[in-house]
Amino acid sequence: LLVNQATGCKVEGYDIIHRFVENGNQLIQALQLKQIAFYNRDFFQTDLRHGSVFYITCTCFKPEDMDKLAQQLKYNRSGTRVVTITRPLKGAHFRLL
């Protein structure tokens, strides 16, 4: 929500917790926001190559989840930004800032 409101860019949110998605979509509707949507979806099963900025809370991720995430995001275009919470992405395709 914050990124959409600050920049006006199209934003998609993915979460496997249905209630989080429901709450987000209720806010979108109540505030009549445009260019934003939340989906009850596992982003490990979602094509993320079109994204350019990612904010991912990795607090409950296991090391193998971080490896899967790094593998999935390595195909995004150069300059893609990934903000992670708790755990950093590792790999030759990523530079820690």
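The values are calculated or read from the model by the stated rules, or taken from the named source; none is laboratory data. Every value quoted in this text rests on a predicted model; they were computed, and no experiment measured them. Note that we place each Cβ from the backbone using ideal geometry, even for glycine, and neighbour counts take in every protein chain shown. Note: areas computed on protein heavy atoms with side chains; ligands, DNA, RNA excluded. Shrake-Rupley method; radii C 1.70, N 1.55, O 1.52, S 1.80 Å.
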Region 58-78 - residue that is out of contact with any Gly (no Cβ under 7 Å at 6 or more places or on another chain) and among the polar types (S, T, N, Q) and, of those, nearest to Phe43 (Cα to Cα): Gln72
Subset of region 83-97 (residues that are at pLDDT 90 or above and under 24 Å from Cys9 (Cα atoms)): Val83, Thr84, Ile85
Residue match in region 1-15 (condition: touching a Cys at 6+ places or on another chain (Cβ under 8 Å) and of a type in the set (Val, Ile, Thr)): yes
Where a residue in region 15-34 is closer than 13 Å to Gln5 by Cβ and its partner, wherever it lies, is open to solvent by 100 Å² or more (accessible area, probe 1.4 Å), with Cβ under 8 Å and at least six apart: Leu33/Gln5
So His50, is it without any contact (Cβ under 8 Å) to a residue 24 or more places away in the chain and farther than 24 Å from Ala6 by Cβ: no
Cβ pairs under 6 Å, 6+ apart, first in region 69-97 and more than 21 Å from His50 (Cβ to Cβ), second open to solvent by less than 60 Å² (accessible area, probe 1.4 Å) and assigned to a helix (DSSP H, G or I): Arg87/Met66
